[in-house]
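A short write-up of the structure that comes next.
The values are calculated or read from the model by the stated rules, or taken from the named source; none is laboratory data. Predicted model only: the values in this text are computed from it and were never measured. Every residue, glycine among them, receives a Cβ derived from its backbone with ideal geometry; neighbour counts consider all protein chains shown.
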Ligand SMILES: Nc1ncnc2c1ncn2[C@@H]1O[C@H](COP(=O)(O)OP(=O)(O)OP(=O)(O)O)[C@@H](O)[C@H]1O
Ligand SMILES: [Mg+2]
């Protein structure tokens, strides 16, 4: 049975794309057949693995608008299968909102859903039509939060919004976990925010934290996952620990 996980937080820059790419790469390396789908018009997940798609043709927008066999829209990079996105995705946003079409992604990917152990969806930084499409087809959500001062305020609001979307779009959706990202061991703030998150969400907070690391940026510049860039780096070990936590959940 395939598990679809939407990586979502309406706050920008918290580490959604970094998590999506490395989670998909790590699950794949753990022997779980995994598909990464870029559902963000920024196309950051695609760029992160080196896909700068100019004119489209094989993007998630093409699949969602034209339909067809989803296998024809998959690109494989370093054994990671991805359906990429680019800026053209936003051209279909108005249509999706006007028609309240929030099951287009689910229907488009349906023919291949059961081919995978995991499908990871990198969502944009808002609960827009694409996030709603992602939530409609997902079994789980992971919410990455940066452990900064405002993250807790934003998280309460996000959880309320997700609960509303869950009721209207997909009652079987559940939160797999809240993940503390960009954790900085050099300051006490990260630990303080982590402790507060733990008090607020004792059941839902992943034990693993993803530490702040220059190796994340370096791996992205080289269009690699942290595992391919430097498997011994502490941030690769963080992602590995997260994957074990997910697989053992
Ligand atoms: N653990 C980390 N250590 C250092 N830098 C990180 C880490 N995680 C993410 N970053 C950096 O933070 C920035 C934002 O990360 P990312 O793009 O993953 O966030 P996002 O939530 O997907 O952003 P957006 O909301 O724009 O989609 C990037 O420049 C990325 O390289
Ligand atoms: Mg992103």
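Going through the stretch 51-73 one residue at a time, which ones are surrounded by fewer than 16 Cβ atoms within 10 Å (Cβ to Cβ) and within 16 Å of ligand 2 (Cβ to nearest atom)?
Once the filter is applied, which keeps residues that are surrounded by fewer than 16 Cβ atoms within 10 Å (Cβ to Cβ) and within 16 Å of ligand 2 (Cβ to nearest atom), the stretch 51-73 yields only 52.
Taking the condition within 19 Å of residue 27 (Cβ to Cβ) and surrounded by 14 or more Cβ atoms within 10 Å (Cβ to Cβ), does residue 225 pass? Explain how you work it out, then say what you get.
Numbers: within 19 Å of residue 27 (Cβ to Cβ): yes; surrounded by 14 or more Cβ atoms within 10 Å (Cβ to Cβ): yes.
Here the answer is yes, as residue 225 does meet what is asked.
Restricting attention to the stretch 24-57, which residues are within 11 Å of ligand 1 (Cβ to nearest atom) and closer than 19 Å to residue 236 by Cβ?
Residues satisfying the conditions are 45, 48.
Do any residues in the stretch 191-203 that are at pLDDT 90 or above have Cβ atoms under 6 Å from those of residues that are outside any loop (DSSP other than H, G, I, E, B), where the two are at least six apart or on different chains, and which pairs are they?
Once the first residue is at pLDDT 90 or above and sits in the stretch 191-203, its partners that are outside any loop (DSSP other than H, G, I, E, B) give 194/180; 196/152; 197/205; 198/205.
Just a yes or no: is a residue in the stretch 177-185 loosely packed, with under 13 Cβ neighbours inside 10 Å and in contact with a strand residue (DSSP E or B) (Cβ under 8 Å, 6 or more places away or on another chain)?
Just the residues of the stretch 177-185 that are loosely packed, with under 13 Cβ neighbours inside 10 Å, to begin with: 185.
Next cut, in contact with a strand residue (DSSP E or B) (Cβ under 8 Å, 6 or more places away or on another chain) only: 185.
Within the stretch 177-185 (the criterion being loosely packed, with under 13 Cβ neighbours inside 10 Å and in contact with a strand residue (DSSP E or B) (Cβ under 8 Å, 6 or more places away or on another chain)), the answer is yes, since at least one residue qualifies.
Kindly provide the set of residues from the stretch 6-43 that are over 11 Å from the mean Cα position of the chain (by Cα) and under 10 Å from residue 122 (Cα atoms), ordered by number.
43, the sole residue that qualifies.
State which residue is surrounded by the fewest Cβ atoms within 10 Å (Cβ to Cβ) when the search covers only the stretch 75-132 and only residues that are free of Cβ contacts under 8 Å to residues at least 60 places away in the same chain and touching a strand residue (DSSP E or B) at 6+ places or on another chain (Cβ under 7 Å).
The extreme case among them is 75.
Which of the following residues is assigned to a loop (DSSP other than H, G, I, E, B) and closer than 22 Å to residue 44 by Cβ: 85, 108?
Just one listed residue meets the conditions, 85.
Any chance you could count how many residues in the stretch 197-234 are within 13 Å of ligand 1 (Cβ to nearest atom), under 22 Å from residue 81 (Cα atoms) and in a helix (DSSP H, G or I)?
Residues meeting the conditions: 8.
When residue 42 is evaluated against the numbered criteria (1) out of contact with any strand residue (DSSP E or B) (no Cβ under 7 Å at 6 or more places or on another chain); (2) modelled with pLDDT of 95 or more; (3) within 16 Å of ligand 2 (Cβ to nearest atom); (4) under 29 Å from residue 171 (Cβ atoms), which criterion, by number, is the only one it fails?
Looking at each condition in turn, residue 42 falls short on (4).
Just the residues that are crowded, with 22+ Cβ neighbours inside 10 Å and in a helix (DSSP H, G or I), please, taken from the stretch 133-150.
133, 134, 135, 137
What single numbered condition from (1) within 11 Å of ligand 1 (Cβ to nearest atom); (2) closer than 16 Å to residue 132 by Cα; (3) at pLDDT 95 or above; (4) surrounded by fewer than 24 Cβ atoms within 10 Å (Cβ to Cβ) fails to hold for residue 11?
All conditions are met except number (3).
Among the residues of the stretch 207-218, which ones are in contact (Cβ under 8 Å) with a residue 40 or more places away in the chain and away from ligand 2 (no atom under 16 Å from the Cβ)? Step through it out loud before you land on a result.
Keep residues of the stretch 207-218 that are in contact (Cβ under 8 Å) with a residue 40 or more places away in the chain, which gives 209-210, 216.
Once the filter is applied, which keeps residues that are in contact (Cβ under 8 Å) with a residue 40 or more places away in the chain and away from ligand 2 (no atom under 16 Å from the Cβ), the stretch 207-218 yields only 209.
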